[in-house]
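Presented below is the structure to which this report refers.
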Amino acid sequence: MKRNPQKNDAEKRYKRQILRRKLRLYAVLLLASVLVLILSIALLDKNYTTRLEPQIDRAVIQVAKLLPQLEQNEEALREAYAQMTESWEELLSHDVFSEADFTLPDEAALEEIAGDTLSWMNRVTKLKVGRDGFMLVVDKETSRILAHPDENYVGRLFQPFDQIAEDEVVAISSINRWTKPEDLELSLGIMEPYKLAVNRVHTFQGFIDYLRMSLIGCVMDYGDAYIVCGVPVLEWASYIIGNALAFTLVFVILMWLLIKWISLVTDSRRETVKSLRLKLICYASLACVVMFGVCWYTLVLADVTNDLKTMDKHADAAVETLNTYREQRDNLNQFLDEYYMTQCWLAGQVVTKTDRNTLTRKDMQHYADDLNVKYIYAFDQRGRVVVTNSPYDHYSLSEDPADPSYEFRALLDGVYGVIQDPALDKRFDEDVQYIGMSLRNEEDLCDGFVMIAVDPGSR
């Protein structure tokens, strides 16, 4: 049976027409996918920035409130140290002591304890920003990193700030305790590690490190340093690109299925152009609604997941910071206890090198002023006050174990020293810290003890 040439040509033309339609649909799908990807990146970037700004604002206010407290604490520590040094030098002027009896406070020890416990750089870099964000301190003159949560980055070069505009730097002094996060208008930008940027990272790991070191955030001006606050570009990129690719993939799958359906329908020749157009509009709209729902759910789920991760990160940082603060507080207390114990030892030397029965309230007040303590008590072997500059001159140790003064009975048994924590003395209605030291006679037997009362405010 012979085939009709005209019919064959018509079928070939129809197939070519169908192929062109498919190619046009796939071309539209490709262009639409690129458009969806671009729009997704733009919308996600806006969403990320909107969520990031309050986190940066809160971190900046945290820093602005923290720095004055640290300055005040360090100033108080140095003032207490200066008072101790002055009091010891004053005691040397008396005939009771000589330079061989004791040494003056070691300033190196003060600098070490201040650096370990009150360093604002270490405190600032422990604050968290967002999920994986952090703070670092950069020297203004050299652009070198002075402090960083990861010590491996300390000393590296960071972005030079010599050309940075003044309106892009946050002035810490302009933020007070009444400032709210929503009141701040920060200029967010991308800051990058200068050394890595110059070397044009070639390896994949180097590129990841570059993104991890680069920050999206702001710069704060503080003294001779800049405090850089932000989140890594890697976090921003992973959030935006990951979600944008997920949205685009959903769109591509739905549209591809729609195109396959159109192809099947057109191949079967069961639909007119008009009915096919109506169905195409209907199914395309349904596909867009499904895609919008899936993308919206994915975005909400991603935001909730990020919020939970942020909360976990902040909780871990808070626990770590609290433990660090406790350790630093204990070190600082130990440092101050040692010095006040020395004050107590000096008070004991005053009592032992003179006849305590000849000491008067005026003498004790004079020595208390020199030692920069509130009161000095000299006790006998029975735990009764012999002489003091305190108005409570008939004071004696309690025999009730629940009474705070009972602890000092250990000094009568030969214990070297007792240091109590600062507390409210309910008997006299005043905040004091009591420190006592056993007195020894020539036969190295207990001969009473001396106790000083320190104003907790001086600590």
Exercise. Of the residues Gln433, Gln420, Gln365, which is buried (at least 19 other Cβ atoms within 10 Å of the Cβ) and among the polar types (S, T, N, Q)?
Worked result: Gln433
Exercise. Within 30 Å of Leu439 (Cα to Cα) and modelled with pLDDT of 70 or more, is that true of Tyr339?
Worked result: yes
For this session: Considering only residues that are within 18 Å of Lys22 (Cα to Cα) and of a type outside the set (Lys, Arg), look in the range 279-305 and name the one that is modelled with the lowest pLDDT.
Result: Leu280
Problem set entry | Identity of the residue in the range 91-106, in contact with a helix residue (DSSP H, G or I) (Cβ under 8 Å, 6 or more places away or on another chain) and under 16 Å from Tyr339 (Cα atoms), that ends up modelled with the highest pLDDT | Leu91
Exercise. Out of all the residues in the range 376-386, is one or more surrounded by fewer than 20 Cβ atoms within 10 Å (Cβ to Cβ) and at positive phi?
Worked result: yes
For this session: Working only within the range 59-74, note down all residues that are of a type in the set (S, T, N, Q) and free of Cβ contacts under 8 Å to residues at least 60 places away in the same chain.
Result: Gln69, Gln72, Asn73
Exercise. Within the range 399-417, can you find the residues that are small (Gly, Ala, Ser), surrounded by 16 or more Cβ atoms within 10 Å (Cβ to Cβ) and modelled with pLDDT under 90?
Worked result: Ser405
Exercise. Does Arg51 satisfy being surrounded by 11 or more Cβ atoms within 10 Å (Cβ to Cβ), within 47 Å of the chain's Cα centre (by Cα), modelled with pLDDT under 85 and closer than 30 Å to Ile253 by Cα?
Worked result: yes
Seminar exercise, completed: Out of (1) closer than 23 Å to Arg361 by Cβ; (2) touching a helix residue (DSSP H, G or I) at 6+ places or on another chain (Cβ under 8 Å); (3) not aromatic (Phe, Trp, Tyr), the one Asp400 does not meet is (1)
Exercise. Within the range 120-159, restricting attention to residues that are touching a helix residue (DSSP H, G or I) at 6+ places or on another chain (Cβ under 8 Å) and of a type in the set (Gly, Ala, Ser), which residue is surrounded by the most Cβ atoms within 10 Å (Cβ to Cβ)?
Worked result: Gly130
Exercise. If you go through the range 408-450 one residue at a time, how many are closer than 25 Å to Asn357 by Cα and out of contact with any helix residue (DSSP H, G or I) (no Cβ under 7 Å at 6 or more places or on another chain)?
Worked result: 18
For this session: Please give the strands (runs of 3 or more DSSP E) falling wholly within the range 345-450 in which 1 or more residues are touching a residue at least 12 places away in the same chain (Cβ under 8 Å) and aromatic (Phe, Trp, Tyr).
Result: 375-379, 430-440
Exercise. Failed condition for Ile253, given (1) modelled with pLDDT of 80 or more; (2) surrounded by fewer than 16 Cβ atoms within 10 Å (Cβ to Cβ); (3) closer than 29 Å to Ile216 by Cα; (4) among the β-branched types (Val, Ile, Thr), with all others met?
Worked result: (3)
Problem set entry | So Leu211, is it out of contact with any Lys or Arg (no Cβ under 9 Å at 6 or more places or on another chain), free of Cβ contacts under 8 Å to residues at least 40 places away in the same chain and not polar (S, T, N, Q) | yes
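The values are calculated or read from the model by the stated rules, or taken from the named source; none is laboratory data. What you see is a predicted model; the values in this text were computed from it and never measured. FYI the Cβ positions are ideal-geometry reconstructions off the backbone, even for glycines, and counts take in every protein chain you see.
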